[in-house]
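Engineer: Can you keep this structure in mind? I'll have questions shortly.
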Amino acid sequence: MLSRKRKLFYYKLFSLFSVVRGYNILIIVIAQYLAARYILAPKIGFTQIVLDRNLLALILASAVAIAAGYIINNFYDAEKDLINRPRKSMLDRLVSQRTKIAAYFTLNFISVAIASFVSINAIVFFSAYIFGIWFYSHKMKKIPLLGNLTSAMLAITPFFAVFIYYRNLSSVIFVHAAFLFLLILIREFIKDLENIKGDLAQDYKTIPIIYGEKVSKGFITSFTTIAILVTIFLISQYDTGYMRFYFYGSILLLIYSIIVLYRASSKSQYLLLHNILKFIIVAGVFSIPLLNIDVILDKITNVL
């Protein structure tokens, strides 16, 4: 039997994992490695990529900075989350605000320290990224539209560290990045509808609060339409291999999301839309190897 003190320690550890959203960070790390292997440096073997110390440092620095970002975001949103996510909020509160702030500064220091093993440019990049996350959480979040755009941009910023490292800035990469950016942005708009009660109570100036749900749904529809057009462009202009089936599925889900959106009026319905967008994003990460499935099949054949 675990002692009460030991149980409390494990609860707090789990609470901290919840605050930093460890599952999201794991997905981002996997996405960075898969993007490096199949999009940015397709001619380099996976073993060589995994053993690249500089790439590892960049990905670790990203992961730690993102964890710190979730902590400061949770710190500023504590009261709002108590209304919007009462169960998760109660779990998060097992760790004191003072401990969260201490962890925030510690993680930021670790992130920059790891980046220092790569280059001065990496230090500048992650220092700017850390400042950007803080400025968004402190100021930008409460500004309608601009806050949404900033949040989506910060979400894809860690990938640019890997893009720059491989010096591969071809057009197809920017189209992929635009697709991901739009998915995240649409999810941010949906979250505003989902969290309208807490935002209203804490005086957050989101689009549905200022202009109403109808205008907010119009924004979501517009950006979803743009995402569909970008997807069609990506399929028609670039070789996406078997990943094209993922993009076909994404188009269908995005169209379905628009239909659900105009019937939605409750938090549970907006949560469904949120989860659809999250599924598209996560499925996209694990579909990246389909861009070059022939290489994988050849390796499997050689092993057999």
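Nothing in this text is a laboratory measurement; each read-out follows from the coordinates by a stated rule. In this text, all values refer to a predicted model and were calculated from it rather than measured experimentally. Positions of Cβ are backbone-derived with ideal geometry, glycine not excepted, and every protein chain shown enters the neighbour counts.
Engineer: Between F174 and T47, what's the calculated FRET efficiency when r is the beta-carbon distance and R0 is 35 Å? Round to 0.05.
Structural biologist: 0.80
Engineer: Show me 276-284, 156-164, 228-236 ranked by packing, highest mean number of other Cβ atoms within 10 Å first. Don't skip to the answer; put the middle values down first.
Structural biologist: Working: 276-284: 17.3, 156-164: 19.2, 228-236: 15.6.
Ranked by mean Cβ neighbours within 10 Å, highest first: 156-164, 276-284, 228-236.
Engineer: Turning to a different aspect of this structure: Students often check this: by mean Cβ neighbours within 10 Å, which of 177-188, 262-273 ranks highest, and how do the rest follow?
Structural biologist: Put in order of decreasing packing, that is 177-188, 262-273.
Engineer: Still on this structure, please answer the following. Figure the gain on full extension for S222 and L146 (residue separation times 0.36 nm, minus the Cα-Cα span) and round it to one decimal in nm.
Structural biologist: Values: separation 76, 0.36 × 76 = 27.36 nm, distance 1.61 nm.
So the chain would gain 25.8 nm between S222 and L146.
Engineer: Could you rank the peptides 41-54, 209-222 by their average count of other C-beta atoms within 10 Å per residue, with the highest value first?
Structural biologist: 209-222, 41-54
Engineer: Provide the convex hull volume over Cα atoms per residue for region 170-298, in Å³.
Structural biologist: Dividing the Cα hull volume of region 170-298 by its residues yields 106 Å³.
Engineer: Measuring from the lowest to the highest alpha carbon on each principal axis, how far does region 123-201 reach, largest first, in angstroms?
Structural biologist: 46, 27, 14
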